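The values are calculated or read from the model by the stated rules, or taken from the named source; none is laboratory data. No experiment lies behind these values; they were computed from the predicted model shown. Here Cβ is always computed from backbone atoms with ideal geometry, including for glycine, and neighbour counts include all displayed protein chains. Ligands, DNA and RNA are excluded from the accessible area calculation, which covers all protein heavy atoms including side chains. Shrake-Rupley method; radii C 1.70, N 1.55, O 1.52, S 1.80 Å.
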Amino acid sequence: MNLWSRPSLKTLAQRSIKKRKEQQPALVATAKGRMIRMSPLKVRRVLNQIQGCSYEEALVLLRFLPYRACHPVAKVLKSAAANAVNNYSIPRSYLEIEKAFVEKGPVLKRIRPRAKGRTYPIKKRTSHICIIIRSNFTRFETDIKSNFVPIILSN
């Protein structure tokens, strides 16, 4: 009598698919908006709202948030989605925002004339916006011609 039973072919196939998925990196596309004439603090407030959302959900959020920073963030997000569609042929419905961050850009220094010949500095801050989006599916679900084919395994 055998103590260890052999796994079924279905189980072996599922293990094989899972192993291949783990070996292959997720499909990731990035976009950067540089020298945006807006304070990084104000842009970060918007990026924290959309981080982790799906692409379509983030666009809806950006449409209705009452901040001026939404417009440049939406442009960068649409650019990242276009990069994903162009490079990997991934439909926009399968994209989600993995990481969204803003970095400090160069500061434009101006002066404000004050009383008695003095000046006060004005700092016009700039931002570099970076959005990284990834697909819910991996490279394994593409056919021979690299066209996107979504595969959902059922148990």
*To the nearest 10 square angstrom, what accessible area does Thr119 show with a 1.4 Å probe?*
80
*Answer rounded, prolate or oblate for segment 27-137, using the Cα gyration tensor with square roots of eigenvalues a ≥ b ≥ c: rounded when a/c is under 1.5, else prolate when a/b is larger than b/c, else oblate.*
prolate
*Using packing as a proxy for protection, rank 84-96, 104-116 so that the peptide with the highest average count of other Cβ atoms within 10 Å comes first.*
84-96, 104-116
*Enumerate the amide H contacts of Gly52 below 5 Å, restricted to partners 5 or more residues apart or on another chain; note that Pro and chain-start residues carry no placed amide H.*
Ile97
*With labels modelled as points extended 7 Å from the Cα through the Cβ direction, what inter-label distance (nm, one decimal) is found for Arg34 paired with Ser8?*
5.6
